[in-house]
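The values are calculated or read from the model by the stated rules, or taken from the named source; none is laboratory data. Not measured: the values here are computed from a predicted model. Heads up, the Cβs are rebuilt from the backbone with ideal geometry, glycines too, and the neighbour counts pull from every protein chain shown. With ligands, DNA and RNA removed, areas are computed over all heavy atoms of the protein, side chains included. Shrake-Rupley method; radii C 1.70, N 1.55, O 1.52, S 1.80 Å.
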Amino acid sequence: MRPAMRVVSGIQPTGNLHLGNYLGAIVSWVKMQEEGECLFFLADLHAISMPYEPAELASATREMTAALIASGIDPDKAVLFNQSRVPAHAELQWLLCGTARIGWLNRMTQFKDKSGKNREGASIALFAYPVLQAADVLLYRATHVPVGEDQKQHLELARDIAEKFNFDTGTETFTLPEPYIGETAARIMSLRNGSAKMSKSDPSDMSRINLADDADTIAKKIRKARTDPEPLPESLDELNDRPEAKNLVAIFAALEQVAPQAILDRFAGKGFGDFKPALADATVATLAPISERFNALREDTDALDAILEKGAERAKALGTPVLADAYRALGLLSGR
Ligand code: TRP
C-alpha cells in the first residue's frame, strides 16, 4: 500500500556546513522523517550546473551526509542517498525534457539570478536545472515536497510537467506533488551583516558558525557578532530596522524552538552584554553533540559510502518502476 505521505527533498552538497544550513533545511528534515516516508538526497547532479571544483565534490557530498546524520537524520528511517548514484534521476530528466517547454524555463527566476548578465555563457544544466528537480520528485511519485520561498516556482514547474506528461500520453504516470507546509524554516543571516544570508562563501569566517566549530570559537564569534548599542525591545516590530539584533533573536528562537517573541519576553530591556552569553550557551548546547558526531563521522569514509550505497539501492527500488512506466508511456522500446 502507498503511504499517505511520501516526502522527497534534496540539498546541494557544499562543504563547510554552518548554523544557517542546520537551522534552515536540516532541522525541518529531522522533524519530517517522523511524519511520513521520506527520501532525502544530496543533489550532486545539480551541483555541476555552476562552476565548481571536481576534486572537492565527492568530499562535499560525504561531508553533507555526515552533517545530516549527525543532526538527526536516521538513514534506517529516511532513504538517504546521493542523486548521481541513482541514474534514474538523469534518465527521467531527459524524458521530461520532451515535455517541459522552453517558455516555462525562461520564466524561472533562479536561472535569471544565477546566470546574471552572462546568460549566453550559462550552462545548459543551469537552464535545465528545474527539469532535473522535477525528475527528482516525480520519479518517486512524491506526494509532498517541502519548499522554501525560493523553491516554490520549481515545484509549480514539476506539477506542470507532470500534468502535461500525463495528459499528452493519456496515462497517469506521475503524481502531482503538493507543497509540504511545515513551520517556516529560519532564515539565518551573517553575524557581520544582518542583511546578507549566512554563507559558506563569505570570506570572513567570523560571519558564520560552522558545524565543526568548537565551543570557544562559537562563543567568540557570538561575542564579536555585530549589534547596535540599544537594549532589546519588547516587540518584534521594533527590530525591523535592526537587522543584526533581529538575526540574533531569530537564531536564539530557532535554537530553542520557540517564537522570537518568547525570546524578547525574556530579554526586553536587557543589553547584548546579557543576551550574547546566553545565546552562546544555547548555541553550544545544541551544536556540541552534533559537531562531536559530525567530526567523528566525517572521517569515516567507508561508513558514509556504505550508508549512501544502501540508500541508493532503496531509492532505485522505489524509482525504477516509475521510470519504466515513463518509458512505456512515451512509446520507447527501452526494454525497461
Ligand atoms: N534546488 C534545491 C535547492 O537548491 C535542491 C533540490 C534539488 C531539491 N532537487 C530537489 C529540493 C527536489 C526539493 C526537491 O535547495
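Say R0 is 51 Å: what FRET efficiency, to the nearest 0.05, do Asp205 and Glu163 get from their beta-carbon distance?
The computed FRET efficiency comes out at 0.65.
At Ala324 and Ser59, where each label point lies 7 Å from the Cα along Cα→Cβ, what is the point-to-point distance in nanometres?
That separation, rounded to one decimal, is 4.1 nm.
Quote the charge dipole size of the stretch 215-254 about the Cα centre in Debye, to the nearest 20; the model charges only the Cβ of Lys and Arg (+1) and of Asp and Glu (-1).
With Lys and Arg at +1 and Asp and Glu at -1, about 400 debye.
Please state the shape class of the chain: rounded when a/c is under 1.5, otherwise prolate if a/b exceeds b/c and oblate if not, all from the C-alpha gyration tensor.
prolate
Using label points projected 7 Å from each Cα along Cα→Cβ, tell me how many nm separate Asp274 and Cys97, to one decimal.
Placing both labels 7 Å along Cα→Cβ, they lie 6.1 nm apart.
Using helices alone, what [θ] at 222 nm do you get for the chain, with -39,500 (n - 2.57) per DSSP H run of 4 or more residues, divided over all residues and rounded to the nearest 500?
-16000 deg cm²/dmol
Name the shape class, rounded, prolate or oblate, that the alpha-carbon gyration tensor gives for the stretch 205-296, where a ≥ b ≥ c are the square roots of its eigenvalues, rounded holds for a/c under 1.5, and otherwise prolate holds if a/b is larger than b/c and oblate otherwise.
prolate
Given the Cα-Cα distance of Tyr52 and Leu333 and 0.36 nm per residue of separation, how much length would full extension add, in nm?
Contour length minus the Cα-Cα distance gives 97.5 nm.
Give me the net charge for the shell around Glu34: Cβ to Cβ below 12 angstrom, other residues only, Lys and Arg +1, Asp and Glu -1.
-1
Work out, step by step, the length gained on full extension between Lys316 and Asp300: first 0.36 nm times the residue separation, then minus their alpha carbon distance; give nm to one decimal.
3.3 nm
If one computes the Cα centroid of the stretch 244-287 and of the stretch 117-190, what distance in Å separates the two points?
Computed from Cα coordinates, the inter-centre distance equals 35 Å.
Using only Cα atoms, what is the ratio of the radius of gyration of the stretch 174-329 to 2.2 N^0.38 Å?
Relative to the rule-of-thumb radius for its length, the stretch 174-329 sits at 1.39.
I want to verify a result. In a Gaussian network model of the chain, Cα cutoff 10 Å, which of these has the top mean-square fluctuation: Glu309, Glu238, Glu63?
Highest fluctuation of the listed residues: Glu238.
Amide H to amide H, which residues 5 or more places from Cys38 or on other chains are under 5 Å from it, using H placed in the peptide plane?
Amide H to amide H, under 5 Å and 5 or more residues apart or across chains, Cys38 pairs with Val7, Val79.
Starting from the Kirkwood radius over alpha-carbon pairs of the stretch 276-336, derive D by Stokes-Einstein at 37 °C in a medium of 0.692 mPa s and give it in µm² s⁻¹.
211
How big is the charge dipole of the chain about its Cα centre, in debye rounded to the nearest 20, if each Lys and Arg gets +1 on its Cβ and each Asp and Glu gets -1 on its Cβ?
For this selection, approximately 660 debye.
Charges on Cβ only, +1 for Lys and Arg, -1 for Asp and Glu, centred on the Cα centroid of the chain; of Leu19, Ala135, Ser291, which one is farthest towards the dipole's positive end?
Of the options given, the answer is Ala135.
What do you reckon, how do Trp104, Trp29, Trp94 stack up by accessible area (1.4 Å probe), largest on top?
Ranking Trp104, Trp29, Trp94 by accessible area, largest first, yields Trp94, Trp104, Trp29.
Can you tell me which of 291-304, 117-130 comes out highest on packing, and rank the rest after it, using the mean Cβ neighbours within 10 Å?
So the order, starting with the most tightly packed, is 291-304, 117-130.
What is the gain in length, in nm to one decimal, between Leu105 and Asp216 on full extension, counting 0.36 nm per residue of separation less the C-alpha to C-alpha distance?
35.3 nm
For the cross-link pairs Lys152/Lys310; Lys224/Lys246; Lys31/Lys276, which exceed 20 Å when the distance is taken from alpha carbon to alpha carbon?
Lys152/Lys310; Lys31/Lys276
What residues have an amide H closer than 5 Å to that of His18, excluding those fewer than 5 places away on the same chain, when H is modeled at 1.01 Å from N in the peptide plane?
Leu211
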